[in-house]
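**Q** Below is a structure I'd like to ask you about.
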Amino acid sequence: MENKEIIEKGNAVLGIEFGSTRIKAVLINDKFEPIANGSYTWENTLDNGIWTYPLSQIHEGLQSCYADLKADVQKRYGLKLTKFKAAGISAMMHGYLAFDKDGNLLVPFRTWRNTITGAASKELSDLFGFPVPERWSISHLYQAILNKEEHISKVANVYTLAAYIHYMLTGKKVIGAGDASGMFPLKMAGIKAEYNKDFLNKFESLVNVKAISHTGSLVENLFPQVLMAGEDAGSLTAEGAKFLDPTGDLEAGIPFCPPEGDAGTGMAATNSVEAKTGNISAGTSVFSMVVLEKDLKKSYPGIIDIVTTPDGKPVAMVHANNCTGEHNYWINLFKEVGDLMGANASVGQYFDNLIMKSLEADKDCGGLLAYNYLSGETITGFNSGRPLFVRSENANFSLANFMRTQMFTSLGALRIGMDILYNEEKVPVESMTGAGGYFKTEAGLKYMAAAMLTSVCAMETAGEGGPWGMALLAAYTDSENKKVPLAEFLNKKVFGSCKKTTAKAEKDLVDSFNIFIERYKKGLAIEKAAVESI
């Protein structure tokens, strides 16, 4: 009844996140607890060598996800959803959505998964002395300039997916600091974050940029304005309300927080915005975020990115393009076999039971090896990928060994990047928290602790992940909540009584993963041959 009253009075807070395989919406109450949700399942497509989602599906997915949330509220509480206290949009970071002055999309959405900007990434990383990954928006923009793509002369606005949806709903061309740090490097200016002026000047001085530059800074003209967590990012317009909810039930005027990337929402959802804390988001892709006390000694382009928390603190990010995506194919295959044999089990049961079975595996995973490269993997030097399963003729090919191999390979590229932070930079990590589908089983939590060489905890909200983190950032826009720094708000108001499960780095599993990761490194030549041959 309490939640019903909160929704009825418009005091619930909404978070929506565009993930790689699902768009999810979460409604939270004044205790920051999820009280309703909605979702829409989708998948990227490879269109002429570009990983993309059609604009029509982006729109359809948003509306369908919101309609599913409305249906959930109606079913649980018997209410029509008409208003919220605040709302926010988050999405997969990086990428390239380029529009002309009339709002027409110029080229298909180029997502974070694309590894087609190598020349631009290298040139900019060298120019700045700062890692500029291939998936960043500025890499996509500059690569299009280098390629002399026809659309460049018409570009008026460049967005990330979250910033684009936010613009559609509010009419405001703004972006949260965390998401902005995946467009172009940021620098703190007092208590505000802004695009790094020194790097902007260097970029604007490039001959190729000068040739097409508008009046003033090309980046500042094209990219959204950077906002910090808690700042006013506009409100839902009448057109935005009709776009989100075509039935007309939703009221305009709802305040929105700055749009964020999935890295920022992952940090919020895991209470990892203070120095020496870290989080891991593990789903279709996997990335770790460690909040830094000081700058790294060296630059590690393609391996370690420097982004920021939603309130502008520097973060070392190790991002691997591939994580559990390949699991879905194997689980669906196992379910197909089960269905053929008359088994009556859901996909979720197959995931849970088969992953837990992996705890019975041999220490060396029976000598099995797999690569989950559905797409390229920058950390290990691949522009495209081929999923592989490999074994020797005398390997112990058991179900448990196979499943542990799949779980371990999901973390292979991530571990390679983390080893640099641990061994080269001596970055201290006092705690790591996980969110995402990889942590839905006890086995997943144990394996992550073994791979990260430290204790890892998963909160009871881990399955909610990004959309819940987005809802928290939306709640932070409330005048009472933002009287304190973001970290204090999360520590005291949100996570003070949150239940969590912690897994220590067990020696047997650490040893098991170490055996596997050495095999993984040696076997990269097999993956290279597959990319060249298939």
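**Q** Tell me, which residue of the stretch 168-200 that is assigned to a helix (DSSP H, G or I) and more than 17 Å from PRO131 (Cα to Cα) is nearest to the chain's Cα centre (by Cα)? Lay out the reasoning, then the answer.
**A** Of all residues in the stretch 168-200, those assigned to a helix (DSSP H, G or I) come to 168-170, 177-180, 197-200.
Checking the rest, the ones that are also more than 17 Å from PRO131 (Cα to Cα) come to 168-170, 177.
Values: MET168: 21, LEU169: 21, THR170: 23, ALA177: 15 Å.
The selected residue is ALA177.
**Q** Checking ILE35 against (1) surrounded by 24 or more Cβ atoms within 10 Å (Cβ to Cβ); (2) within 27 Å of GLY253 (Cα to Cα): exactly one of these is not met. Which one?
**A** (1)
**Q** Let me ask another. Any idea which of (1) open to solvent by 10 Å² or more (accessible area, probe 1.4 Å); (2) closer than 24 Å to LEU105 by Cβ; (3) outside any helix (DSSP H, G or I) is the one GLU220 doesn't satisfy?
**A** So GLU220 meets the others, but not (3).
**Q** I would also like to ask the following. Select from the stretch 416-444 the residues that are free of Cβ contacts under 8 Å to residues at least 60 places away in the same chain and more than 30 Å from ALA400 (Cβ to Cβ) and write down the one among them that is least open to solvent (accessible area, probe 1.4 Å).
**A** Going through the stretch 416-444, the residues free of Cβ contacts under 8 Å to residues at least 60 places away in the same chain turn out to be 419, 422-423, 426.
Imposing the further condition that a residue be more than 30 Å from ALA400 (Cβ to Cβ) reduces the set to 423, 426.
Working: ASN423: 89, LYS426: 140 Å².
Per the criteria, the residue is ASN423.
**Q** So how many residues does the stretch 226-255 have that are part of a strand (DSSP E or B) and within 20 Å of the chain's Cα centre (by Cα)? Quick ask: steps written out before the conclusion?
**A** Taking the stretch 226-255 first, the residues part of a strand (DSSP E or B) are 226-227, 235, 255.
Next, only the ones that are within 20 Å of the chain's Cα centre (by Cα) stay: 226-227.
Number of matching residues: 2.
**Q** Oh, and also: When you scan the stretch 171-188, do you find a residue that is open to solvent by 10 Å² or more (accessible area, probe 1.4 Å) and acidic (Asp, Glu), even just one?
**A** Looking through the stretch 171-188, none of the residues is open to solvent by 10 Å² or more (accessible area, probe 1.4 Å) and acidic (Asp, Glu).
**Q** Scan the stretch 4-16 and report the pairs whose first residue is at pLDDT 95 or above and whose second residue is among the aliphatic types (A, V, I, L, M) and assigned to a helix (DSSP H, G or I), with Cβ atoms within less than 6 Å and a gap of 6+ or a chain change.
**A** Listed pairs, sorted by first residue: ALA12/ILE6; VAL13/ALA471; VAL13/ALA474; VAL13/ALA475; GLY15/MET470; GLY15/ALA471; GLY15/ALA474.
**Q** Which condition breaks for TYR476 when tested against (1) at negative phi; (2) at pLDDT 85 or above; (3) out of contact with any Cys (no Cβ under 9 Å at 6 or more places or on another chain); (4) open to solvent by 10 Å² or more (accessible area, probe 1.4 Å)?
**A** With respect to (1) at negative phi; (2) at pLDDT 85 or above; (3) out of contact with any Cys (no Cβ under 9 Å at 6 or more places or on another chain); (4) open to solvent by 10 Å² or more (accessible area, probe 1.4 Å), TYR476 is out only on (3).
**Q** Can you tell me which residues in the stretch 479-494 are aliphatic (A, V, I, L, M) and open to solvent by 40 Å² or more (accessible area, probe 1.4 Å)?
**A** So in the stretch 479-494, the residues aliphatic (A, V, I, L, M) come out as 484, 486-487, 490, 494.
Selection gives VAL484 alone.
**Q** Hey, another quick one. Just to be sure, is MET356 closer than 23 Å to THR433 by Cβ, in contact (Cβ under 8 Å) with a residue 24 or more places away in the chain and outside any helix (DSSP H, G or I)? Steps first, please.
**A** Values: closer than 23 Å to THR433 by Cβ: yes; in contact (Cβ under 8 Å) with a residue 24 or more places away in the chain: yes; outside any helix (DSSP H, G or I): no.
So MET356 fails the test.
**Q** Which residues, counting only those in the stretch 38-65, are touching a residue at least 40 places away in the same chain (Cβ under 8 Å), surrounded by 18 or more Cβ atoms within 10 Å (Cβ to Cβ) and outside any strand (DSSP E or B)?
**A** Hits for the stretch 38-65 are ASN44, TYR53, ILE58, GLY61, LEU62, CYS65.
**Q** Of the conditions (1) open to solvent by 40 Å² or more (accessible area, probe 1.4 Å); (2) more than 30 Å from SER272 (Cβ to Cβ), ALA345 clears all except one; give me its number.
**A** Single failed check for ALA345: (1).
**Q** Shifting gears a bit: List pairs: first in the stretch 521-534 and in contact (Cβ under 8 Å) with a residue 24 or more places away in the chain, second surrounded by 10 or more Cβ atoms within 10 Å (Cβ to Cβ) and among the charged types (D, E, K, R), Cβ under 8 Å, 6+ apart or cross-chain?
**A** Once the first residue is in contact (Cβ under 8 Å) with a residue 24 or more places away in the chain and sits in the stretch 521-534, its partners that are surrounded by 10 or more Cβ atoms within 10 Å (Cβ to Cβ) and among the charged types (D, E, K, R) give GLU527/ARG386; ALA530/ARG386; VAL531/ARG386; ILE534/ARG386.
**Q** Report, by residue number, each residue of the stretch 257-300 that is without any contact (Cβ under 8 Å) to a residue 60 or more places away in the chain and either more than 21 Å from LEU161 (Cα to Cα) or touching a His at 6+ places or on another chain (Cβ under 7 Å) (or both).
**A** Applying the first criterion (without any contact (Cβ under 8 Å) to a residue 60 or more places away in the chain) to the stretch 257-300 yields 275, 289, 291, 294-295.
Selection gives ALA275, VAL291, LYS294, ASP295.
**Q** Looking at ALA229, is it at pLDDT 95 or above, surrounded by 24 or more Cβ atoms within 10 Å (Cβ to Cβ) and touching an Asp or Glu at 6+ places or on another chain (Cβ under 7 Å)?
**A** Working: at pLDDT 95 or above: yes; surrounded by 24 or more Cβ atoms within 10 Å (Cβ to Cβ): yes; touching an Asp or Glu at 6+ places or on another chain (Cβ under 7 Å): yes.
In short, yes.
**Q** Restricting to the stretch 189-211, name every residue that is open to solvent by 60 Å² or more (accessible area, probe 1.4 Å) and of a type in the set (A, V, I, L, M).
**A** Correct list: ILE191, VAL207, ALA211.
**Q** Additional query: Go through the stretch 232-253 residue by residue and tally those that are open to solvent by less than 20 Å² (accessible area, probe 1.4 Å) and over 15 Å from ILE165 (Cα atoms). Talk me through it step by step, then tell me what you get.
**A** So the first thing to find is which residues in the stretch 232-253 are open to solvent by less than 20 Å² (accessible area, probe 1.4 Å), and the list is 233-234, 236, 240-241, 244-245, 250.
Adding the requirement that they be over 15 Å from ILE165 (Cα atoms) leaves 250.
Of the residues in that region, 1 qualify.
**Q** Related question: Which numbered condition in (1) at pLDDT 95 or above; (2) part of a loop (DSSP other than H, G, I, E, B) is the only one that LYS298 fails?
**A** Going through (1) at pLDDT 95 or above; (2) part of a loop (DSSP other than H, G, I, E, B) one by one, LYS298 breaks only (1).
**Q** Go through the stretch 289-325 and count every residue that is open to solvent by less than 30 Å² (accessible area, probe 1.4 Å) and in contact with a strand residue (DSSP E or B) (Cβ under 8 Å, 6 or more places away or on another chain).
**A** Final tally of qualifying residues: 21.
**Q** Among the strands (runs of 3 or more DSSP E) confined wholly to the stretch 77-167, which include 2 or more residues that are at positive phi and open to solvent by 20 Å² or more (accessible area, probe 1.4 Å)? If you could, list the steps in order and put the result at the bottom.
**A** Values: elements: 86-91, 97-99, 157-159.
Once the strands (runs of 3 or more DSSP E) in the stretch 77-167 are filtered for at least 2 residues that are at positive phi and open to solvent by 20 Å² or more (accessible area, probe 1.4 Å), nothing remains.
**Q** Turning to a different aspect of this structure: Only one of (1) assigned to a strand (DSSP E or B); (2) farther than 23 Å from LYS499 by Cα; (3) free of Cβ contacts under 8 Å to residues at least 60 places away in the same chain fails for ILE35. Which number is that?
**A** Condition (2) is where ILE35 drops out.
The values are calculated or read from the model by the stated rules, or taken from the named source; none is laboratory data. None of these values were measured; they are calculated from a predicted model. Positions of Cβ are generated from backbone atoms using ideal geometry, with glycine treated the same way; all protein chains shown enter the neighbour counts. The accessibility values were calculated without ligands, DNA or RNA, using every heavy atom of the protein model including side chains. Shrake-Rupley method; radii C 1.70, N 1.55, O 1.52, S 1.80 Å.
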